[in-house]
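The values are calculated or read from the model by the stated rules, or taken from the named source; none is laboratory data. This is a predicted model, so every value here is computed, not measured. Cβ sites come from the backbone with ideal geometry, for glycine too, and all protein chains shown count toward neighbours. Just the protein is used for accessible areas: all its heavy atoms, side chains included, with ligands, DNA and RNA removed. Shrake-Rupley method; radii C 1.70, N 1.55, O 1.52, S 1.80 Å.
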Amino acid sequence: MTTETLTQPMELGIFIDGKFENSLSGKTFKVYNPATGEVIANVQEGDREDINRAVMAARKAFGAWSEMPAAGRSILLNKLADLLEAKKEEFAALESLNTGKPMVESLFVDMGLAVDCFRFFASASRLIRGETIPVPSGHFAYTMKEPIGVVGQIIPWNFPLTMAAWKLGPALAAGCTVVLKPAEQTPITILKFAELITEAGIPQGVVNIVPGFGETAGAALVDHEDVDKIAFTGETKTGKLIMERAAKTLKKVSLELGGKAPNIIFEDADLDMAAKTSAWAVFLNQGQACVSGSRLYVQESIYPQFMEKLVDYSKKIRVGNPMEMSTQIGAVSSQEQFDKIMSYIEIGKEEGAKLLTGGNKVGGEFSKGLFIEPTIFEATQKMRINQEEVFGPVLSVVKFKDLNEAVELANDNQYGLASAVWTSNLLTANTMIKKIKAGTVWVNTYNFICHEVPFGGYKQSGIGREMGLQALDLYLETKSVIVDMGANTPNWYGL
Ligand code: ADP
């Protein structure tokens, strides 16, 4: 396996027009293993001129790609999925090495989702269609869907290859060509994946990958006059900057941003299942997920017994070496993220939140890595740890009395990406489904993601829906066609 033979850092280039190249500036940057602090790759650092070359390659490839029959694009996307599936162990190991996430998650969540995403969009590409629209007076009207053009895609570091798949799948299915900028912390798997893109037979220039930093390569992609659309996943504050910047060229923008999902436990829920799943709702991927169920609301009548189950279960979660299959929680992804999470734990303590478990860096054999204990605070609604996105293994818990209060507390937040309700009462579930302002409501489950189902945010959690057939619309323009059928019906000009 790649990682076991990794005795020295990998050397990775910029992928433009089907070839790996060096950056024009000659600059490189280092990529680390967050579990050990070791340098695992030296990567060519893309900047404005490299982005420009990548955009030119994508533009050159656009004509033929957009005109390829959907069935052809579908075959290639399925091939890509097959190639990734055949190498999923290798890619999972690289993902764990670079992000610190446990192997079990890289394999079954990250690679599982990435493969299935390409398969879903391989099928979806053949379902792109317009509609016919009845119009009066001897005319015929219909709509056509056309690919937007060259799209810039900027992705984060928490699920690197899955996020790349979520972006590439719908864009390629729609017939767009792409310049993708991975997060500077985690460019490894997507650059390795570029080899599979070539092997699958996707033509040169259709996908270009430019590793680099947000303020340089990312900003250049957003500014570029020949990029028709930007799709971004990341922090809400970065999304706002990108939207502002994209306004200069009036690019289309779709954004999948932060969250602070409320996870609500009613007294009539299956408490055992709710307690265990609520732990994973927040601790999956060390809490570094935009859908993370980081605000837990528990009905006061069951609060003591529920909290006992939750805290007991959370204490047993195995934190450890990400490369071992038995590990449940690994390292957080970067020093910057580690510092941010630890500072929120301090903020929680200063605000007077009661620490029920965790709260520390993991020491001993893991002291060189960025490991944090699963942490649970008893909090109050307005505390910063209960309002702001921590993006780490930190849960805040607040009590509520009844359904009305649960709705009020759940919606009292700037974000609206995901949410969950636990109850055995259909009426309670249905009322909550209607009243919660969020793009996803899970009922008696959490983190259940299907590529058939749209995914995206209300409020400051984003614009647009990824996944499902709706995701294609992020990459398509609608052209309306109105034809005079020659019936000589009177028109507005009296002709
Ligand atoms: P984080 O701060 O947690 O790394 P970001 O939202 O800043 O999250 O990063 C997500 C992605 O956005 C990364 O690929 C990053 O390089 C990119 N990015 C950051 N700042 C900008 C920017 N000003 N313009 C374009 N892309 C950016």
Residue set 260, 237, 248; condition away from the ligand (no atom under 11 Å from the Cβ) and either within 27 Å of residue 26 (Cβ to Cβ) or surrounded by fewer than 23 Cβ atoms within 10 Å (Cβ to Cβ) (or both); output residue 248
Residue pairs qualifying under the 6 Å Cβ cut-off, at least six apart or on distinct chains, with the first in the range 207-223 being near the ligand (Cβ under 7 Å from one of its atoms) and the second being in a loop (DSSP other than H, G, I, E, B), are 213/184
Of the listed residues (190, 202), the one being under 17 Å from the mean Cα position of the chain (by Cα) and more than 10 Å from the ligand (Cβ to nearest atom) is 190
Taking first residues from the range 137-163 that are closer than 24 Å to residue 196 by Cβ and among the aromatic types (Phe, Trp, Tyr) and second residues anywhere that are more than 16 Å from the ligand (Cβ to nearest atom) and modelled with pLDDT of 95 or more, the pairs with Cβ under 6 Å that are 6 or more apart or on different chains are 159/110
Screening 362, 390, 441, 397 for residues that are within 16 Å of the ligand (Cβ to nearest atom) and among the β-branched types (Val, Ile, Thr) leaves only 390
Per the filter on the range 40-95, residues within 19 Å of residue 146 (Cβ to Cβ) and outside any helix (DSSP H, G or I) are 68, 69
Those residues of the range 168-184 that are open to solvent by less than 10 Å² (accessible area, probe 1.4 Å), farther than 15 Å from residue 228 by Cα and within 14 Å of the ligand (Cβ to nearest atom) come to a total of 3
When every residue in the range 140-167 that is of a type outside the set (Gly, Ala, Ser), open to solvent by less than 10 Å² (accessible area, probe 1.4 Å) and under 17 Å from residue 226 (Cβ atoms) is compared, the one nearest to the ligand (Cβ to nearest atom) is 153
Of (1) assigned to a helix (DSSP H, G or I); (2) touching a residue at least 60 places away in the same chain (Cβ under 8 Å); (3) within 14 Å of the ligand (Cβ to nearest atom); (4) open to solvent by 10 Å² or more (accessible area, probe 1.4 Å), residue 290 fails just (1)
Any hit, the range 471-484, residues being among the polar types (S, T, N, Q), assigned to a loop (DSSP other than H, G, I, E, B) and either within 30 Å of residue 133 (Cβ to Cβ) or open to solvent by less than 40 Å² (accessible area, probe 1.4 Å) (or both) | no
Taking the criterion of being open to solvent by 30 Å² or more (accessible area, probe 1.4 Å) and charged (D, E, K, R), would at least one residue in the range 93-111 satisfy it? no
Here the qualifying pairs (Cβ atoms under 8 Å; residues six or more apart or on different chains; first in the range 328-355 and basic (Lys, Arg); second within 13 Å of the ligand (Cβ to nearest atom) and open to solvent by less than 20 Å² (accessible area, probe 1.4 Å)) come out as 340/390; 340/392
Flagged in the range 114-130 as among the aliphatic types (A, V, I, L, M) and either assigned to a helix (DSSP H, G or I) or surrounded by fewer than 19 Cβ atoms within 10 Å (Cβ to Cβ) (or both), in numbering order, are 114, 115, 122, 124, 127
Output for Cβ contacts, cut-off 6 Å, separation at least six or different chains, first residue under 17 Å from residue 417 (Cβ atoms) in the range 383-395, second polar (S, T, N, Q) and within 13 Å of the ligand (Cβ to nearest atom), reads 391/288
